[in-house]
1. Select from region 8-44 the residues that are in a helix (DSSP H, G or I) and over 23 Å from residue 264 (Cα atoms) and list them in ascending order.
2. Would you mind stating whether residue 265 is outside any helix (DSSP H, G or I), in contact (Cβ under 8 Å) with a residue 12 or more places away in the chain and farther than 19 Å from residue 20 by Cα?
3. Could you grab the pairs with beta carbons closer than 7 Å, sequence gap of 6+ or different chains, first residue in region 25-49 and assigned by TED's automatic domain parsing to the domain that holds residue 69 and over 21 Å from residue 59 (Cβ atoms), second one modelled with pLDDT of 85 or more and assigned to a helix (DSSP H, G or I)?
4. Could you identify the single residue in 249, 213 that is part of a loop (DSSP other than H, G, I, E, B) and at pLDDT 95 or above?
5. Condition test on residue 326, is it in a helix (DSSP H, G or I), in contact with a strand residue (DSSP E or B) (Cβ under 6 Å, 6 or more places away or on another chain), under 23 Å from residue 386 (Cβ atoms) and not assigned by TED's automatic domain parsing to the domain that holds residue 135?
6. Before we move on, is residue 244 outside the structural domain of residue 383 (by TED's automatic domain parsing), outside any helix (DSSP H, G or I) and at negative phi?
7. For region 142-179, which positions are closer than 19 Å to residue 199 by Cα, in a helix (DSSP H, G or I) and more than 17 Å from the chain's Cα centre (by Cα)?
8. Quick check: anything in region 47-59 surrounded by 13 or more Cβ atoms within 10 Å (Cβ to Cβ) and closer than 20 Å to residue 219 by Cα?
């Protein structure tokens, strides 16, 4: 065991984030790992080339830079292995392609990230995979939905845009009883606030574009697997030939170092704003798992170590005012940017469309607006939102 391993044994999250993924003694004392840009890797002789057993054989199969990031994520997730992919959506699609075949049935949570639903409804259905969406609050009721050909159950907690909490351990145990692979999108919480593999999930995915990057300038996805499912996942990714660039991996590892302290600030500010919104007459409902009023709060409190900076609220409006009030609110914002994604240092706001839901009902009483609370001062964030509410009330 290296000195670094002894140092990190039992250490806190921020200590581990500061030191995971690189041992300076391996690279002449340099704190950060080198950026190794590579396609071709040379072999010392013909026999070594025939064996193909040296550590690095080709750029798509990893470099010291990408390995440093994978090692860090393995440690955070408690995983047997991690693959790096060029986007968060790719982090969803590769496991689906790895474990599903024509004729299989997959259960997908109905509060799922929309691009995941789009992939399921197009690519997977064209491949002959039967897709069924289930209520995020189904809990043990998932057993009634499992068929003889069900091969995969996909979770996302909290759910995209409406933040429903799921009974992850319960669903995982039932799915395993029927021989299903369990996958979960853990982008909202990151492994700092929830570790899916500790709750029975087999494959955990993250859009690393969000909090691990933290600066709105990188696209990447992480997929980590337990020991039982790692070989199949790794083989599928090698067959498809997807990989992440060394320069992006270096920047991602650098972003990872500060993720803990950034998440603490996101959490603190978002909860302050959520509590403030909950007291407003022009807000119908606040969708934030850390609020005691939220229906899934008890599950969040039991299973999660924290909350990130993304949540939604319902802006009160009559049925004929939805679009006008939503646009007026959003257009009046100056500090908040109107843009997709989240997890960066800046606050963002987007209108939420929920017409794609199959079984899970959308909140009633007005348009749903999703906020990403950034690292700005809470007083300034509130002032900007006040301008939005003032504009909406004038409609």
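1. Selection gives 24, 25, 26, 27.
2. no
3. So the pair list comes out as 30/24; 31/24.
4. Details: 249 fails: part of a loop (DSSP other than H, G, I, E, B).
Only one candidate passes the filter, namely 213.
5. yes
6. Numbers: outside the structural domain of residue 383 (by TED's automatic domain parsing): yes; outside any helix (DSSP H, G or I): yes; at negative phi: yes.
So residue 244 fits the description; yes.
7. Scanning region 142-179 gives 142, 143, 169, 170, 171, 172, 173, 174, 175, 176, 177.
8. Yes, there is a match, as at least one residue in region 47-59 is surrounded by 13 or more Cβ atoms within 10 Å (Cβ to Cβ) and closer than 20 Å to residue 219 by Cα.
The values are calculated or read from the model by the stated rules, or taken from the named source; none is laboratory data. Here the structure is a predicted model, which means the values were calculated and not measured. Cβ coordinates were reconstructed from backbone atoms using ideal geometry, including for glycine residues, and neighbour counts include every protein chain displayed.
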